[in-house]
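Undergrad: Following this message is one structure expressed as structure tokens.
The values are calculated or read from the model by the stated rules, or taken from the named source; none is laboratory data. All figures in this text were calculated on a predicted structure; none of them were measured in a lab. Cβ coordinates were reconstructed from backbone atoms using ideal geometry, including for glycine residues, and neighbour counts include every protein chain displayed. Surface accessibility is based on the protein's heavy atoms, side chains included, excluding ligands, DNA and RNA. Shrake-Rupley method; radii C 1.70, N 1.55, O 1.52, S 1.80 Å.
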Amino acid sequence: MTMTLIRLLTVALVGVASVLAKKPASSCPAVSNEGTPTGEFKNVSGIQIYHSYPGETANASNAILFISDIYGVPLLQNKLLADSLARAGYLVIFPDLFKGDAVPVSSPEGTLNLTEWRTRHPTEEIDSIVASTITYIRSELGVQRIGGVGYCFGGKYVPRFLADGKGIDVGFIAHPSGLLATEIQSIAGPISIAAGELDTAFNVTGRRAAEDILTAKNTTYQTTLYAGAPHGFAVRVDLNIPRQKYAKESSFVQAIRWFDAWL
Ligand SMILES: *[C@@H]1O[C@H](CO)[C@@H](O)[C@H](O)[C@H]1NC(C)=O
Ligand SMILES: *[C@@H]1O[C@H](CO)[C@@H](O)[C@H](O)[C@H]1NC(C)=O
Ligand SMILES: *[C@@H]1O[C@H](CO)[C@@H](O)[C@H](O)[C@H]1NC(C)=O
Ligand SMILES: *[C@@H]1O[C@H](CO)[C@@H](O)[C@H](O)[C@H]1NC(C)=O
Ligand SMILES: *[C@@H]1O[C@H](CO)[C@@H](O)[C@H](O)[C@H]1NC(C)=O
């Protein structure tokens, strides 16, 4: 009788333990995919900058600079991603890199000439907006350390400003486009990279080259490859496809873990 009871109890406890082991910690931050953005826009010297505020317990001496894809501040998922980073405890500053000329996500195929659009937003122009936003974060918001997140188009600019003395201290990028080996070579702080198996803009050749450069430099880095993840997966995915949903959610946690550890 007693032995049976003990055995039953043991089975029950092992059951509870295995359930607990699978359950994510309740403090585990999550990315939101729908809802109303909670941040606000401010006109900072002519640039519209989306501000998303963390709770009162957040560390006031650091902040995250959000460098977006070509869909920019109008895209709901970008603002929700910024809000999600803020909910995880960081002040998030997200400038309109394109001065009202972001690519409309709903533009019918072929109506927008992307080549021409790119010539309207050359690297020097984006560099200048990123630099002035960094100055604003440090001088007007009194922030001491800046984490940079960059998605697609923005994935080129985090490495550029993670170079020595350029203003970003810790970086996270997902599926970067147009990223040059020289830009990876110039990285001077910790960098985490989320890569998609199906992304042709940052393919296996580019990822391995980046790993080789970062290893040779003894950079504190992480690269994570997500199976079945297409270009853009950390921002826009089909949530009905389990591998894409996992990639978006997990790359968000990857970013938070990175800043919690290194910023
Ligand atoms: C933003 O501020 C600048 C001056 O810094 C002003 O010229 C411009 O009209 C303002 N834009 C908007 C949309 O309020
Ligand atoms: C797109 O713009 C580029 C640069 O202005 C031009 O060379 C090209 O012909 C345009 N393509 C189309 C399909 O209009
Ligand atoms: C990756 O992209 C580069 C540049 O477009 C190309 O040269 C290379 O062959 C690609 N690698 C693979 C495995 O497709
Ligand atoms: C690499 O960096 C780590 C951490 O900064 C340091 O402890 C280690 O000595 C470095 N290794 C080499 C070979 O420089
Ligand atoms: C706040 O952030 C700064 C800069 O990232 C760091 O040096 C400091 O230790 C942090 N303070 C707390 C209480 O986490």
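Undergrad: Pick from region 193-220 the residues that are closer than 24 Å to TRP262 by Cβ and either β-branched (Val, Ile, Thr) or in contact (Cβ under 8 Å) with a residue 40 or more places away in the chain (or both): which of them is nearest to ligand 5 (Cβ to nearest atom)?
TA: This residue is THR220.
Undergrad: Test of understanding: among THR123, THR119, THR115, which residue is more than 16 Å from ligand 1 (Cβ to nearest atom), hydroxyl-bearing (Ser, Thr, Tyr), touching a Phe, Trp or Tyr at 6+ places or on another chain (Cβ under 9 Å) and open to solvent by 40 Å² or more (accessible area, probe 1.4 Å)?
TA: Answer to the check: THR123.
Undergrad: Related question: Quick check, is THR133 of a type outside the set (Lys, Arg) and surrounded by fewer than 15 Cβ atoms within 10 Å (Cβ to Cβ)?
TA: no
Undergrad: What number of residues within region 85-131 are among the β-branched types (Val, Ile, Thr), in contact with a helix residue (DSSP H, G or I) (Cβ under 8 Å, 6 or more places away or on another chain) and not in a helix (DSSP H, G or I)?
TA: Count: 3.
Undergrad: Turning to a different aspect of this structure: Scan region 232-252 and give yes if some residue there is touching a residue at least 60 places away in the same chain (Cβ under 8 Å) and within 16 Å of ligand 3 (Cβ to nearest atom), otherwise no.
TA: No - not one qualifying residue is present in region 232-252.
Undergrad: Which of the residues belonging to region 102-132 are touching a residue at least 12 places away in the same chain (Cβ under 8 Å), within 14 Å of GLY46 (Cα to Cα) and more than 19 Å from the chain's Cα centre (by Cα)?
TA: The answer is SER132, and nothing else.
Undergrad: Output the strands (runs of 3 or more DSSP E) that fall wholly within region 149-263 and possess 2 or more residues being open to solvent by less than 10 Å² (accessible area, probe 1.4 Å), closer than 22 Å to LEU75 by Cα and not hydroxyl-bearing (Ser, Thr, Tyr), or say none.
TA: By residue number, 170-174, 191-196.
Undergrad: Shifting gears a bit: Please work out if THR135 is modelled with pLDDT of 95 or more, of a type in the set (Val, Ile, Thr) and either assigned to a helix (DSSP H, G or I) or within 16 Å of ligand 3 (Cβ to nearest atom) (or both).
TA: Spelling it out, THR135 is indeed modelled with pLDDT of 95 or more, of a type in the set (Val, Ile, Thr) and either assigned to a helix (DSSP H, G or I) or within 16 Å of ligand 3 (Cβ to nearest atom) (or both).
Undergrad: So which of GLU211, GLU124 is of a type outside the set (A, V, I, L, M, F, W, C) and under 28 Å from HIS51 (Cα atoms)?
TA: GLU124
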